[in-house]
Each structure stands twice: as structure tokens, then as C-alpha cells.
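Shown next, in C-alpha cells, is the structure this report addresses.
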Amino acid sequence: MAKILLIRFSAFGDVAMMVPIVHSLAIQYPQHDITVLSRVQFAPLFATMPSNTHFLGVDLTRDYVGLKGLNKLYKELRHREFEFVADFHGVLRSNFLRLCFCLSGRKTACIHKGRKAKKRLTRMGYHKLKPLKTSFQRYADVLKRVGLPIYPHFTSIYGTSKGTLHKDTLDVTGAKDGEHWIGIAPFATYKGKIYPLDKMQKVIESLSMKKQCKVFLFGGGDSEVEQMEGWSRQYENVISVAGKLPLAQELALISHLDLMVSMDSANMHLASLVNTPVLSIWGATHPYAGFLGWNQSETNTIQKELPCRPCSVFGNKPCRFNNYDCLQIQPQSILKKIDGLLSCK
């Protein structure tokens, strides 16, 4: 039995994208022992992994701060006798740990992020749009270079079932009684990925008037929670679950949705991990950069074709024209797409 260490500390969506690859590795190498090293708060993503997979959560802001903290972490990890170390992150922290393991004779490999290709994709006036490697492919490539090739295959963290809704969750959501449950995650980290809130409000208002629909709002952060609570008070059949459920129960609830409407954000990936259909809305970013959710199709994306997009890989750059025209999509276009996807169920 070999011991394998997989490293990725952030961000939420990128860690979530590890799940199909880690699951595939665990199934295809049942004789090996796998440890995922990440931040404590991401543990629920890996809670239903095969028994040969373990999650090691660390607090990098308290217990392992700076170079001294990383050296302490390495000494603790060294005693676990890992034979293979796969760095899915490629940042200073993970590079330090990987170098330490490499110097101690362990077989290591690091993610190739494809920065040049991504920079070219977002260059002004570059019109030869073509899909780049996905993060899933890049993670699998790391495993191949470390000597553990896999065939990515994954359905849901719950297998062929759905997550169990606890009583505390049902107290918030109520029981599902024949209606369509639609999730909406209207926020993202950066402005270039957020559909204008006045337009999103119109989408929510229209859905709230459909008696056969119940809408759940997902998100985090004080201002986001306040905004979504306001919508839930204003409209019938709209419930904000932001800040009310732990991640494990959010995942379980998402598994019961008929559709998740999300930005290019972590909630898109969470829905992908529980086999829930996703309608994703893209602005400054583009699925071709490699961050579309697991098993998602470009057919189920809302995008506005413009010569200036994509202008950013992560959506963190200000709009060149100060108008974010890429996100000026009519609510009716989104509602029509939602109707079409729900009618297919």
C-alpha cells in the first residue's frame, strides 16, 4: 500500500473541482491510502469519499503561519510517510511543502496552470477562442506525472442517491411537495462575474409568481445575506438559506434541487458535485478558460458574445469600457432557458 498526499488550499471552487478526480483516484487505486490536505472548512466536500481517502484540514492563519508554520506542518506530514505528493495548487505554500518532500526522496509533481494560454485567451482582439484544458484535466495530469494515471469518472458525492435533509434544514425549506425547487446563487467573488442585481431581482420575481416553483437563494457575506433576506421577505415562494445551513446540509439541499442558476462561482461547482443540473451565467470570464463545472455542457450556459470577452480568467479585472456590457443580459432570456430546462425533467 502506497500513501498519497494531494494538496490544494483554496479557492472554494477549485477545491470543489478536486472531488471528481480524488474520487476517481480512490476507486481506481483501492490499494492505496489517499490524504487530501486543505483548509478545515472544505471537509464536507470529501465526507463521502471511499474509505481509502482521508481529509486533513489545517488552519493556515492560526496554526501554520508563515515559513515557520509551514516547516512545522511539513514535519507533521513527514511522519505519515507519504510516497507520492501531488500539488494541485502551485502556490508558495504548496511549493514549499512539495520541495521539502522532493528533497526527502518522495515522488512529487505540480499542476501546470497554462498561464500563457489563458493570457492569450483574454487578450484584447484575440478571436481564436478555443477550449483550454479544464482544471479536472490539469489535476489528472498531475497524478499522471506522479505515476498514478486515472480515468476521470464520477456522478455525485451521494452516488445514485440524494443527500439526507435534516430536520433543521426542513424547518427552513419545508417539504418538497411536487413543485420545482430552483436554486439561485446570484453572487460571485468579483464584479465581472455578477449578473446585475436589479435584473436578477426580476428573474426571482417572475419565478416567485409560478405556483409550481419554490426558489432558494444561496450565498454568503453580510451584505449578500441582507440582500437575499430582503428578496425572501418581498416575494412569495422565495427562501434565503444564506448563512442558515452548514456546508454539509447546503450540499444535501442542492442535491434535491431541480435546477441551480449560478454565476461562474463555487455554487456552480457544488451543484455539479451532487448531479444537479446547472444554468450558469458568464460575464467577463468564459467556460473555455477551463472552469466549467463537472459534466456541465456549454449548452446550459448564458453568455453574451462580444469581441472584448473574455477579458479575465477570474473576473477580477475592471471592465475596459466601464459598462460590463457582457452582463447586460435580458432577464427574459434567462427565464426562457429555465423554463426549457425544467420542461425536460
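The values are calculated or read from the model by the stated rules, or taken from the named source; none is laboratory data. What you see is a predicted model; the values in this text were computed from it and never measured. Every residue, glycine as well, gets a Cβ built from its backbone with ideal geometry; the counts of neighbours run over all protein chains shown. We work out accessible area using only protein heavy atoms, side chains counted, and drop any ligands, DNA or RNA first. Shrake-Rupley method; radii C 1.70, N 1.55, O 1.52, S 1.80 Å.
Rundown of residues vs (1) at pLDDT 95 or above; (2) of a type in the set (A, V, I, L, M), yes/no style:
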residue	(1), (2)
177	no, no
184	yes, yes
189	no, no
193	yes, no
201	yes, no
222	no, no
227	yes, no
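Screening segment 123-158 for residues that are closer than 17 Å to residue 23 by Cα and free of Cβ contacts under 8 Å to residues at least 60 places away in the same chain and picking the one that is surrounded by the most Cβ atoms within 10 Å (Cβ to Cβ) gives 142.
Let's see how each residue does on (1) of a type in the set (Lys, Arg); (2) within 23 Å of residue 11 (Cα to Cα):
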residue	(1), (2)
266	no, yes
271	no, yes
283	no, yes
289	no, yes
300	no, no
305	no, no
323	no, no
327	no, no
336	yes, no
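Does residue 210 satisfy the condition of being closer than 18 Å to residue 332 by Cβ and in a loop (DSSP other than H, G, I, E, B)? When the stated conditions are applied, residue 210 passes them. For segment 25-47, filtering for residues that are in a helix (DSSP H, G or I), within 18 Å of residue 87 (Cβ to Cβ) and open to solvent by less than 10 Å² (accessible area, probe 1.4 Å) leaves 1. Within segment 12-52, the set of residues being free of Cβ contacts under 8 Å to residues at least 40 places away in the same chain, in contact with a His (Cβ under 8 Å, 6 or more places away or on another chain) and of a type outside the set (A, V, I, L, M, F, W, C) comprises 33, 50, 52. Within segment 49-100, restricting attention to residues that are charged (D, E, K, R) and within 18 Å of residue 111 (Cβ to Cβ), which residue is least open to solvent (accessible area, probe 1.4 Å)? Looking at the filtered set, the residue picked out is 87. Selection within segment 237-271: residues that are among the hydroxyl-bearing types (Ser, Thr, Tyr) and open to solvent by less than 10 Å² (accessible area, probe 1.4 Å). The member of this set that is farthest from residue 286 (Cα to Cα) is 240.
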